[in-house]
Structures are given as structure tokens and as C-alpha cells.
Amino acid sequence: MDNKEYQHQWYLRNRQKVIETASLWKRSHLERAKQLACEHASRYRKKHPEKHREANRHHWKTHIEEYRARSKQWYYEHTAKARNQNKEWKERNKEYAREWWKNYYKENKQRLLVAHCSYCEKNRTELREKDRVRRRLLGEAEWGSKEHLRKWCISNQIKPNNPEKQLISLFKTHGLPFKFVGDGQAVLGGKIPDFINYNGDKQIIELFGDYWHKPEEEARRREAFAKFGYETLIIWEHELKNEGVLLSKIENWLEG
């Protein structure tokens, strides 16, 4: 009998005693036990990657319901603690999270666009049918009215997005008389402007996202608000990068 076989036989005979001793040692040397376990798991992963993945899958499938139940129970018992931890992590890692999402979007831009387009294509008929049902229930006169659009904004909790917040900050810093009304405060011809002059001049500023809007939409938006006597300035999202040039553009438009 070689040394390995002898050790194995000895372990089988003294298994319970070994387990109890190991458990006692782990409790006494918790940090060292964790370190050794991590080292062992790392070596095993490198040596048997396929076995490790298969073992993980099997373990997860076997215990998935138990893990979910324990996770829910812990969350309900420590809701405030979980929320605070999440908030603290976000604050600490704000820059990291932002950079991670930027890099992820750059690397997967094409795939994300394809997925978005395929989703829209797949659900287009269903979305149109929902719109028809809503119009029929609400009535053509009510659909697109001020009251309907305001209710829609309230129900969807419309708030300024990040580019709009940047523009609001610019207005406040330089004392420009524009306020955000994209949450349904003002509705003109079934359209909701982004910013309106609160001094009484009929002036509107629209902020167009580089991804969501096309250049040909500029003329249509100006014509829609011109019917009500409003002048419209279109600002594109990429123009926010150069604050000096953007400020000159707004001031020239206000003077002209």
C-alpha cells in the first residue's frame, strides 16, 4: 500500500474526527481559513476550468430556490441597511460606474443598436395596436390635448435628463430667462417644448439628443411652434461640450 492509499484509508477511518478538528480550527483562524479556501479554489479553477463551471452550474441549479428565499428574507429584514449600502456604494464609485458604462456602450454599441431595432420591429404591431385602443377609449379630441399630455407626463414622472440638467445649470449660472417645461407644464399643438422664456417673450429652446433626433426634425419643430408665434432655437447634445460657443450662440439668438 503506497502513501496516498494509506492516507486515504486513514481519513476514511477518522473522518468524523478530522471534520470536527477542521471545523474547530476554522472557527479559531477564520481569516487564514478564508485565505486558504480562496487559494485552493483558485488553483482548482485554473487546473479544471470545465469541471469548475459544471460544478457551479449543478450547485446553483440545486440550491437556486434556497438562495433566492434567503436573499429575500435578508433583504426584508435589512431593507434600510441594504438601501444605505447601495447608496453609499454608488456615491463612492460614481466615476467608476460612469466610466464602466461608457466603455461598455462603446464596445457593444452595434450589438445594442441591433437589439433595440429588433425589439422595436418585433413589438411595433403590438405598440401600434395599444395606441389605437387608447385613442378609441380616449377619443380623438382628447388624444394629444393639453390635459392628456400633462397626465401622461405625471404618470411617467418625466424629469430633466442629464443633458437637460446641464443646460438648466448653464441658464442659472449666466442668468438666462428660461425654465424647464418638458414635464408637461406647457403644451403647444400637441407638442411639449423643453425650455420656454419666463419673461413673457415668445421664445423656446429645444434640446435634441444626438442619438434620438435627426437634422430634418429641426424645421418641423420650428414650424410647429411658429404657428403659435414662438421663435425656436435648437441645441444639439454635442454642443454642450463647448460651453463658451454654446453661450455665444444663445446670446446671439436672443439679440437677433
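The values are calculated or read from the model by the stated rules, or taken from the named source; none is laboratory data. None of these values were measured; they are calculated from a predicted model. Ideal geometry is used to build each Cβ from the backbone, glycine not excepted, and the neighbour counts take in all protein chains shown.
Residues in segment 233-250: is at least one assigned to a strand (DSSP E or B), in contact (Cβ under 8 Å) with a residue 12 or more places away in the chain and either of a type outside the set (A, V, I, L, M) or assigned by TED's automatic domain parsing to the domain that holds GLN110 (or both)? Walk me through how you get there before you give the answer.
First, pick out the residues of segment 233-250 that are assigned to a strand (DSSP E or B): 233-236.
Checking the rest, the ones that are also in contact (Cβ under 8 Å) with a residue 12 or more places away in the chain come to 233-236.
From the residues that got through so far, the ones that are either of a type outside the set (A, V, I, L, M) or assigned by TED's automatic domain parsing to the domain that holds GLN110 (or both) too are 236.
Yes, some residue in segment 233-250 is assigned to a strand (DSSP E or B), in contact (Cβ under 8 Å) with a residue 12 or more places away in the chain and either of a type outside the set (A, V, I, L, M) or assigned by TED's automatic domain parsing to the domain that holds GLN110 (or both).
For ILE204, which of the numbered conditions (1) crowded, with 16+ Cβ neighbours inside 10 Å; (2) touching a Phe, Trp or Tyr at 6+ places or on another chain (Cβ under 7 Å); (3) under 30 Å from CYS117 (Cβ atoms) fails to hold?
Evaluating ILE204 over (1) crowded, with 16+ Cβ neighbours inside 10 Å; (2) touching a Phe, Trp or Tyr at 6+ places or on another chain (Cβ under 7 Å); (3) under 30 Å from CYS117 (Cβ atoms) leaves (3) as the failure.
What is the residue count in segment 177-201 for residues that are within 19 Å of LEU246 (Cα to Cα) and surrounded by fewer than 18 Cβ atoms within 10 Å (Cβ to Cβ)?
Number satisfying all stated conditions: 3.
Which of the residues that make up segment 224-256 are among the aliphatic types (A, V, I, L, M) and within 25 Å of ASN162 (Cα to Cα)? Before you say what the answer is, go through the steps one by one.
If we filter segment 224-256 for residues that are among the aliphatic types (A, V, I, L, M), which is where we start, we get 224, 226, 233-235, 240, 245-247, 250, 254.
Correct list: LEU233, ILE234, ILE235, LEU240, VAL245, LEU246, LEU247, ILE250, LEU254.
I'd like the full set of residues that are among the acidic types (Asp, Glu) and either surrounded by 18 or more Cβ atoms within 10 Å (Cβ to Cβ) or in a loop (DSSP other than H, G, I, E, B) (or both), limited to segment 207-228. Walk me through it before giving the result.
The first filter runs over segment 207-228 and keeps only residues among the acidic types (Asp, Glu), leaving 210, 216-218, 223.
Result: ASP210, GLU216.
Which members of segment 194-238 meet the condition of being in contact with a helix residue (DSSP H, G or I) (Cβ under 7 Å, 6 or more places away or on another chain) and among the acidic types (Asp, Glu)?
Of everything in segment 194-238, those that are in contact with a helix residue (DSSP H, G or I) (Cβ under 7 Å, 6 or more places away or on another chain) and among the acidic types (Asp, Glu) turn out to be ASP194, GLU206, ASP210, GLU237.
Which one of LYS4, LYS34 is at pLDDT below 85, over 26 Å from the mean Cα position of the chain (by Cα) and among the basic types (Lys, Arg)?
Working: LYS34 fails: at pLDDT below 85.
Of the residues listed, the single one that is at pLDDT below 85, over 26 Å from the mean Cα position of the chain (by Cα) and among the basic types (Lys, Arg) is LYS4.
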